[in-house]
Amino acid sequence: MNRLLLFLSFVPFAFFAQTKWQVGSYLSTSFPNKSIMPKMSPATGLGLQLAFQPIDRVPIAFELKSNFGIYAAKTLEQTFYFEDLSSTTTNVSYSSNFNQVKFGAKYQIGNDFKQIRGYFTPQIGYGLMRSKIRIDDPADEDDCKPLAKETTQRSSGFTYGGELGLEVDMSKIFRKMNTENRHYLFASATFMNGFKPFEYVNIRYMKDHDHGPLPAGGAELETTDGNGRPITATFINVSNNNLHDHKIAELYKTGLQYWGFNIGYVIHF
């Protein structure tokens, strides 16, 4: 029994002794497929990655990547009119993010002693689109105020895709670099698809303009695309408690498909 316990106590050390860890960071740009997402803009951001290779002689590492990207950030001056001809003018700020988490099996082509080696990573993950719309406090004579100053819209779901890239050994370029750990620059191309449609806020086609009240079936209920629907906010005229809804953004629901490009740095140890 004592021998068995002694053997089991060394199993974790034997495993981690063979493990090769990879830690890195990268810049990313993702381009939507316009035939599927016609109202979406590219998303740029930063990412982190962590991977481990359980068996030294098998060139497969299990990798976790996270990425924070921004696809829209804009402030527009909007004027909102009431039925009694009073109005309020204020700034509306929009910020939209696309965040991702991916897990994959990284197949490494070539050994540690090659200056340039490739890799391919099939991935499955989770994506979150989040938009925050903030209406500034207007200072006007009619004292019209938004009932809710901030509106948040979210849409999330599972994704799948892959990554194909190249790593360049920096120690073979900079001879004085410490070679105890392997330092690599890498560049990769990515593909990602959603298992289901996503909803996202579109501000690309929003312009500074005036908004009348929203009567049933009124023009303000229309969007720049037949597949979109308006996001509204309720304003109150404090002097007479008159309430009206106004369009402040447009929401679209489409499939999710992106092509992307990453460039970054990773260390193997």
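The values are calculated or read from the model by the stated rules, or taken from the named source; none is laboratory data. All values reported here derive from a predicted model rather than from experimental measurement. Here the Cβ positions follow ideal geometry from the backbone for every residue, glycine too, while neighbour counts run over all protein chains shown.
Can you pull out every residue in segment 44-85 that is in contact with a strand residue (DSSP E or B) (Cβ under 6 Å, 6 or more places away or on another chain) and more than 22 Å from GLY24 (Cβ to Cβ)?
TYR71, ALA72, ALA73, LYS74, THR75, LEU76, GLU77, GLN78, THR79, PHE80, TYR81, PHE82
Is it the case that segment 101-109 has a residue that's among the polar types (S, T, N, Q), over 24 Å from ILE231 (Cα atoms), exposed (fewer than 15 other Cβ atoms within 10 Å of the Cβ) and at pLDDT below 95?
No: zero hits.
For residues in segment 66-101 being out of contact with any Phe, Trp or Tyr (no Cβ under 8 Å at 6 or more places or on another chain) and charged (D, E, K, R), which is nearest to LEU256 (Cα to Cα)?
GLU77
Which one is farthest from LYS20 (Cα to Cα), of the residues in segment 39-66 that are touching a Ser or Thr at 6+ places or on another chain (Cβ under 8 Å) and among the hydrophobic types (A, V, I, L, M, F, W, C)?
MET40
Residues being more than 30 Å from LEU27 (Cβ to Cβ) and touching a residue at least 60 places away in the same chain (Cβ under 8 Å): count how many of those fall in segment 88-108.
1
Can you name the number of the only condition in (1) part of a strand (DSSP E or B); (2) modelled with pLDDT under 95; (3) more than 25 Å from PRO42 (Cα to Cα) that ASN91 fails?
Failed condition: (3).
Mind checking which residues of segment 19-46 are of a type in the set (D, E, K, R) and over 21 Å from ALA249 (Cβ atoms)?
Within segment 19-46, LYS20 is the sole residue that qualifies.
What are the residues in segment 184-219 that are within 17 Å of LEU27 (Cβ to Cβ) and either assigned to a loop (DSSP other than H, G, I, E, B) or modelled with pLDDT under 95 (or both), if any?
Once the filter is applied, which keeps residues that are within 17 Å of LEU27 (Cβ to Cβ) and either assigned to a loop (DSSP other than H, G, I, E, B) or modelled with pLDDT under 95 (or both), segment 184-219 yields TYR184, LEU185.
Return yes when THR152 is within 16 Å of the chain's Cα centre (by Cα), at pLDDT 80 or above and in a strand (DSSP E or B) and no when it is not.
yes
If only one of ILE263, ILE231, ILE248, ILE267 is closer than 17 Å to THR121 by Cα, of a type in the set (A, V, I, L, M), in a strand (DSSP E or B) and at pLDDT 80 or above, which one is it?
ILE263
On the given criteria, is SER96 surrounded by 13 or more Cβ atoms within 10 Å (Cβ to Cβ), closer than 30 Å to MET129 by Cα and modelled with pLDDT of 85 or more?
yes
Can you pull out the residues in segment 94-123 that are β-branched (Val, Ile, Thr) and either over 15 Å from the mean Cα position of the chain (by Cα) or part of a loop (DSSP other than H, G, I, E, B) (or both)?
Residues satisfying the conditions are ILE109, ILE116, THR121.
If you take the residues of segment 33-80 that are basic (Lys, Arg) and either surrounded by 16 or more Cβ atoms within 10 Å (Cβ to Cβ) or part of a loop (DSSP other than H, G, I, E, B) (or both), which of them is modelled with the lowest pLDDT?
Of everything passing the filter in segment 33-80, ARG57 is modelled with the lowest pLDDT.
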